[in-house]
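The values are calculated or read from the model by the stated rules, or taken from the named source; none is laboratory data. Quick caveat: nothing in here was measured; it's all calculated off a predicted structure. Glycine also receives a Cβ, built like all others from the backbone with ideal geometry; neighbour counts cover every protein chain displayed. Each accessible area value is taken on the protein alone, full model and side chains, heavy atoms only, with ligands, DNA and RNA left out. Shrake-Rupley method; radii C 1.70, N 1.55, O 1.52, S 1.80 Å.
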Amino acid sequence: MRVAFVDNLLFEDAEGIHRYVLQPHLGLISLISVLEGGGHEGLLVDPKVEVSRGRLKLDEDLYRLLARQILQQRPDAVGFTSLGCNFICTVKVAAYLRRWEPDLPILLGGPHATVLAAEILNRFPQFDAIVRGEAERKILPLLECLPKREFLRAPGISFRLRGTVWNTPGDEVIEDLDALPVPAYSRYPIRDLGLRSLRVDAGRGCPFQCTFCSTASFFGRKYRLKSAARLVAEMDFLNRAYGISDFSLTHDLFTVNRHKVAEFCHAVAGRGYTWKCSARMDCVSQELLELMGAAGCRSIYYGIEAGSERMQKISKKHLDLRLFAPTLDFTARAGMSATVSFITGYPEEQHADQRATLDLIGASIRRETPLLNVQLHLLTPEPGTELLAEYRDRIAYDGHISDFNFPVLEPDDSAVIERSPSVFINHHYFPPVLSRTRHIFITTMYQVLYALGFPLLRHLMDVYGGSFGALLDRMNEWRENAGRPSVADATWLLQYFEAVHGPEHYLTGLVTYMLQASELRRLASLETGKTRRASAWTSDACGRLSSRVAVIRNVPDCPRMLEQLATGHADPRSFSRRRKRLDFLLHLRRPEEEEIHNSVITPACAALLEFSRVSRSLSDYRVRFSQETGYPAPPLSFLESLVEDGILEIAEAAEEVVSSPPEEATAAPLVHGAFAAEA
C-alpha cells in the first residue's frame with residue numbers, strides 16, 4: 001500500500017523572526033520506516049517546503065492546490081498529522097481530498113487529534129479514523145483493516161460506526177524506544193534543501209503537571225529516553241549519509257534523568273558533533289552543564305513561562321526562580337547559548353505577575369552575553385490540559401492570530417473555527433483578569449521591540465526608568481489614550497516614537513535604522529536562493545533594488561551610536577546634541593549572513609536607489625530619473641557597478657528567477673559625481 005503522510009504547515013519563531021523551519025517531521029518519518037519494514041511504501045509531503053519554494057502561497061488557493069499535490073502522488077491512503085494551531089488547514093485540505101476522491105482513506109493523528117478524537121470525528125466526516133497516541137505499533141494493523149474499513153480490529157484508534165464514535169483499546173506508550181527503526185530520513189529532501197542540521201528523536205514523555213501544557217496528554221507522564229548507544233548510532237548514520245554533524249535532540253525535558261544524559265555525553269564526546277536540547281532549570285547542574293558543553297552541546301532551551309512566583313505556583317510549573325541567573329551563568333561558562341521562553345495571558349495573571357515576567361525578560365536583556373535568546377508568547381488554550389478543564393465554559397474567540405496560530409485563508413475559515421470551539425480551541429482565549437487587548441499588545445509589541453537588538457533595548461529601558469515592564473506600560477498607556485490598535489507592528493512603533501519623541505529625535509532615528517535592518521534579515525530568511533538574472537544592461541533589461549538592500553534617509557550616525565551602546569562607551573547625553581543627518585545603504589550580501597554592511601551615501605545616490613524600488617528600464621534611468629528627482633542621470637558604468645555588487649538586480653523584461661548571486665561580493669563604490677559617497 002502506498003501511503004502519503006502530510007506534515008503540518010506552521011511557522012516557527014527564531015530570535016524574533018517568523019520563518020518556516022524546514023526539517024523532517026520525526027513522527028511521520030518514523031511511521032514511514034515502520035511501513036517500509038512491513039512491505040508498504042511511505043511518502044512524505046511537507047507543505048512548508050512548497051511554500052518556502054514559492055510553489056504554494058498563503059492565499060485562499062492553498063488548501064485546494066495542496067490537495068492536488070497530494071493526489072498527484074497517487075496514494076492508496078493519506079495520513080495527516082496536525083497541531084491545534086493549524087488544524088483549519090488540515091480540515092480544509094482533507095475536505096478537498098474527500099470531495100475529489102470519495103473512496104480514498106483519510107487518517108489523522110498527532111496530539112490534537114488524540115485528545116479531541118470524538119469531537120473531530122463528529123464534526124468532520126472527511127476523516128475515516130484517528131490514530132491515538134504513539135502510532136508506530138498501530139499503523140500496520142490499521143493498514144490491514146483499511147480495504148474493508150474493519151476498524152474494530154485495529155488497536156488504539158477512533159472511528160465512526162453507524163453514527164457513533166468508537167474507540168478501540170490500545171493506548172499504551174512505547175516503553176523501549178530503541179526498538180523502533182531508524183526514521184526514514186531519506187524521504188525528505190535533505191540534500192536538495194542544503195540542510196546543515198537535523199532533528200533527532202531523543203525521547204518522549206513528561207513527568208510534570210503544568211496546567212497549560214498538553215505534552216503529557218499525548219506522550220504520557222512516563223519519561224523515556226533512548227539509550228546513549230542508540231542516539232549516537234543515529235547521529236553516526238546521519239553523518240555518514242548526509243555529512244550532518246549538528247543535531248537538535250527533541251525531547252521537552254532531555255535532562256530529567258541526569259545519569260542517562262551523562263552516559264550520552266561520554267558516548268558522543270570526541271566525535272566532533274554539536275547538538276542542542278531542551279531542559280528545565282531545576283534539572284541541570286553546573287557539573288552536568290560543563291559535561292554537556294564538553295560533549296558538544298551548544299544550545300539549551302529553557303521554558304521559564306512566568307517571572308512571577310505566584311504564577312509559578314498557580315500554573316504548577318513550580319520552577320524556583322532563584323535558579324534563573326546562576327543557571328544562565330553556568331550555561332554561558334560552559335560555552336552554550338540559551339533560549340529562555342516566557343508566557344503571558346494566563347487567566348489568573350494580574351498586572352504585578354505580568355510586570356514580574358516582563359522585568360525578568362528585561363534582566364535577561366541586560367545580561368552582558370551574546371549567547372541568549374529571549375521569547376515571549378501569548379498563552380493558547382490546549383486540549384487535554386487542566387487549565388482548559390477549569391475554564392472550558394468561559395473561553396472566547398476574537399479572531400486574533402497569535403505567533404502560534406495559522407492565518408485564515410478561505411472566506412469561511414473564521415466561521416468554521418467559531419462554530420467548533422472545542423475543536424479549534426487553540427484559536428480561542430481564556431477570560432483574562434487583565435484586558436485581552438493588553439495581552440495582544442504586549443506580545444505583538446515584544447516581537448517588534450526584540451528586533452531592535454539588546455544594546456538599543458537596554459538604552460530604551462534606561463530612558464524609561466530602567467524597567468522593561470515600565471517601557472511597555474508607557475507604550476500601552478499611549479496606545480489607550482491615542483486610540484491605537486492593540487496589534488503592534490513596525491509602523492506602530494515608529495509612530496509612537498515620532499509622536500512621543502519627535503521625528504528628528506535620535507531615538508526615532510535609531511529605531512528606524514534597526515527596524516530596517518531586522519526587515520532585511522526577515523526577508524533574507526524567506527529567500528529560496530533564486531534571484532533575478534545578473535547580466536549586462538540591454539534595451540530589454542529592467543533593474544530593481546535587491547531585496548537584500550535597504551535605504552534609510554535622514555537619520556543620525558546610527559551605526560556609530562549603536563556600536564557605542566554595544567561596547568558600553570556611549571554618552572547618551574551627547575546623542576541628542578547630534579544634528580548631522582545622513583543617508584545610509586544597508587546591504588545583506590548573502591541570506592545566510594548576519595552582518596549587514598553599511599555605506600553612507602549622498603542624497604543623489606539615495607534618490608537613485610529609491611527610484612529603483614520598482615523595475616526600471618535603462619531609458620527610465622536616462623530620462624525619467626532626472627525628471628522625477630532633479631538629479632543628473634547616472635552613468636551606465638555606475639549602474640553596472642551596483643549590479644555587480646548585488647545592490648541592483650536586472651533581468652530580461654519577461655524573465656524572473658534564475659541564477660544565484662556571485663560567490664564573492666564587495667561593497668559598491670558609490671563614487672561617481674553626484675553619487676559619490678560621503679566621508
(request) Looking only at the stretch 208-219, decide whether some residue is more than 21 Å from the chain's Cα centre (by Cα), assigned to a helix (DSSP H, G or I) and more than 30 Å from Tyr346 (Cβ to Cβ). (result) no
(message) Filter the stretch 266-282 down to the residues that are surrounded by fewer than 18 Cβ atoms within 10 Å (Cβ to Cβ) and not acidic (Asp, Glu) and list them by number.
(response) His266, Ala269, Gly270, Arg271, Gly272, Thr274
(request) Kindly indicate whether Gly272 is of a type outside the set (Ser, Thr, Tyr) and in contact (Cβ under 8 Å) with a residue 40 or more places away in the chain. (result) no
(message) All but one of (1) at pLDDT below 90; (2) of a type outside the set (Lys, Arg); (3) closer than 19 Å to Pro189 by Cα; (4) crowded, with 19+ Cβ neighbours inside 10 Å hold for Ser82; state the number of the condition that does not hold.
(response) (3)
(request) Tell me which residues, restricted to the stretch 238-260, are touching a helix residue (DSSP H, G or I) at 6+ places or on another chain (Cβ under 8 Å) and in a helix (DSSP H, G or I). (result) Leu238, Ala241, Tyr242, Arg258, Lys260
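Just give me the residues in the stretch 499-526 being over 20 Å from Arg577 (Cβ atoms), of a type outside the set (S, T, N, Q), in a helix (DSSP H, G or I) and open to solvent by 10 Å² or more (accessible area, probe 1.4 Å), in sequence order. Quick ask: steps written out before the conclusion?
We begin by selecting, within the stretch 499-526, every residue over 20 Å from Arg577 (Cβ atoms); these are 499, 514-526.
Narrowing the set further to residues that are of a type outside the set (S, T, N, Q) leaves 499, 514-515, 517, 519-524, 526.
Subset that is in a helix (DSSP H, G or I): 499, 514-515, 517, 519-524.
Those that are over 20 Å from Arg577 (Cβ atoms), of a type outside the set (S, T, N, Q), in a helix (DSSP H, G or I) and open to solvent by 10 Å² or more (accessible area, probe 1.4 Å): Ala499, Met514, Leu515, Glu519, Arg521, Arg522, Leu523.
Take the stretch 414-458 and flag every residue that is of a type in the set (S, T, N, Q), open to solvent by 20 Å² or more (accessible area, probe 1.4 Å) and either within 18 Å of Asn476 (Cα to Cα) or free of Cβ contacts under 8 Å to residues at least 12 places away in the same chain (or both).
Here is the first cut: in the stretch 414-458, the residues of a type in the set (S, T, N, Q) are 414, 420, 422, 426, 435, 437, 443-444, 447.
Now narrow it down to the ones that are open to solvent by 20 Å² or more (accessible area, probe 1.4 Å): 414, 422, 435, 437, 444, 447.
If the condition is that a residue be of a type in the set (S, T, N, Q), open to solvent by 20 Å² or more (accessible area, probe 1.4 Å) and either within 18 Å of Asn476 (Cα to Cα) or free of Cβ contacts under 8 Å to residues at least 12 places away in the same chain (or both), then Ser435, Thr437, Thr444, Gln447 are the ones that fit.
Conditions tested, residue by residue: (1) touching a residue at least 40 places away in the same chain (Cβ under 8 Å); (2) open to solvent by less than 20 Å² (accessible area, probe 1.4 Å); (3) under 28 Å from Gln354 (Cα atoms).
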| position | (1), (2), (3) |
| --- | --- |
| Ala228 | yes, yes, no |
| Gly243 | no, no, no |
| Val256 | yes, no, no |
| Leu291 | no, no, no |
(message) Suppose we filter Asp201, Asp178 for residues that are touching a residue at least 40 places away in the same chain (Cβ under 8 Å), within 30 Å of Ser245 (Cα to Cα) and over 29 Å from the mean Cα position of the chain (by Cα); which single one remains?
(response) Asp178
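Yes/no per residue for (1) touching a strand residue (DSSP E or B) at 6+ places or on another chain (Cβ under 8 Å); (2) exposed (fewer than 12 other Cβ atoms within 10 Å of the Cβ):
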{"position": "Glu563", "(1), (2)": "no, no"}
{"position": "Ala566", "(1), (2)": "no, no"}
{"position": "His569", "(1), (2)": "no, yes"}
{"position": "Ser576", "(1), (2)": "no, no"}
{"position": "Glu595", "(1), (2)": "no, yes"}
{"position": "Asn598", "(1), (2)": "yes, no"}
{"position": "Cys605", "(1), (2)": "yes, no"}
(message) Which numbered condition in (1) open to solvent by 20 Å² or more (accessible area, probe 1.4 Å); (2) of a type in the set (Ser, Thr, Tyr); (3) assigned to a helix (DSSP H, G or I) is the only one that Ser486 fails?
(response) (3)
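Is it the case that Glu263 is assigned to a helix (DSSP H, G or I) and surrounded by fewer than 16 Cβ atoms within 10 Å (Cβ to Cβ)?
Working: assigned to a helix (DSSP H, G or I): yes; surrounded by fewer than 16 Cβ atoms within 10 Å (Cβ to Cβ): no.
For Glu263, the condition - assigned to a helix (DSSP H, G or I) and surrounded by fewer than 16 Cβ atoms within 10 Å (Cβ to Cβ) - is not met.
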(message) One residue is enough: does the stretch 315-333 have a residue meeting the conditions touching a helix residue (DSSP H, G or I) at 6+ places or on another chain (Cβ under 7 Å), open to solvent by less than 10 Å² (accessible area, probe 1.4 Å), at pLDDT 95 or above and hydrophobic (A, V, I, L, M, F, W, C)?
(response) no
(message) When you check Glu348 against the structure, is it at pLDDT 90 or above, assigned to a loop (DSSP other than H, G, I, E, B), more than 23 Å from the chain's Cα centre (by Cα) and closer than 19 Å to Glu305 by Cα, yes or no?
(response) yes
(message) Show the residue pairs meeting these rules: Cβ distance below 9 Å; 6+ apart or different chains; first residue within the stretch 560-571 and over 19 Å from Arg367 (Cβ atoms); second residue open to solvent by 60 Å² or more (accessible area, probe 1.4 Å) and among the basic types (Lys, Arg).
(response) Met561/Arg578
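Could you look through the stretch 392-408, keep only residues that are under 21 Å from Asp489 (Cα atoms) and open to solvent by less than 40 Å² (accessible area, probe 1.4 Å), and pick out the one that is modelled with the lowest pLDDT? Can you show your working first?
First, pick out the residues of the stretch 392-408 that are under 21 Å from Asp489 (Cα atoms): 398-408.
Checking the rest, the ones that are also open to solvent by less than 40 Å² (accessible area, probe 1.4 Å) come to 399-400, 402-403, 405-407.
Details: Gly399: 91, His400: 92, Ser402: 84, Asp403: 77, Asn405: 80, Phe406: 83, Pro407: 86.
Top of the filtered list is Asp403.
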(request) Give the residues of the stretch 318-345 that are within 24 Å of the chain's Cα centre (by Cα) and of a type in the set (Ser, Thr, Tyr), sorted by residue number. (result) Thr331, Ser337, Thr339, Ser341, Thr344
(request) Could you grab the pairs with beta carbons closer than 6 Å, sequence gap of 6+ or different chains, first residue in the stretch 497-518 and farther than 16 Å from Leu456 by Cβ, second one at pLDDT 95 or above and not acidic (Asp, Glu)? (result) Glu498/Thr508
(request) Would you check which residues across the stretch 196-205 are assigned to a loop (DSSP other than H, G, I, E, B) and touching a His at 6+ places or on another chain (Cβ under 9 Å) and list them? (result) Ala202, Gly205
(request) Output the number of residues of the stretch 537-563 satisfying the condition of being within 24 Å of Ala604 (Cβ to Cβ) and in a loop (DSSP other than H, G, I, E, B). (result) 6
(request) Filter the stretch 50-68 down to the residues that are surrounded by 17 or more Cβ atoms within 10 Å (Cβ to Cβ) and in contact (Cβ under 8 Å) with a residue 24 or more places away in the chain, then identify the one that is farthest from Glu101 (Cα to Cα). (result) Ser52
(message) Given the options Arg590, Arg533, Arg522, Arg624, name the one that is at pLDDT 90 or above and among the basic types (Lys, Arg).
(response) Arg624
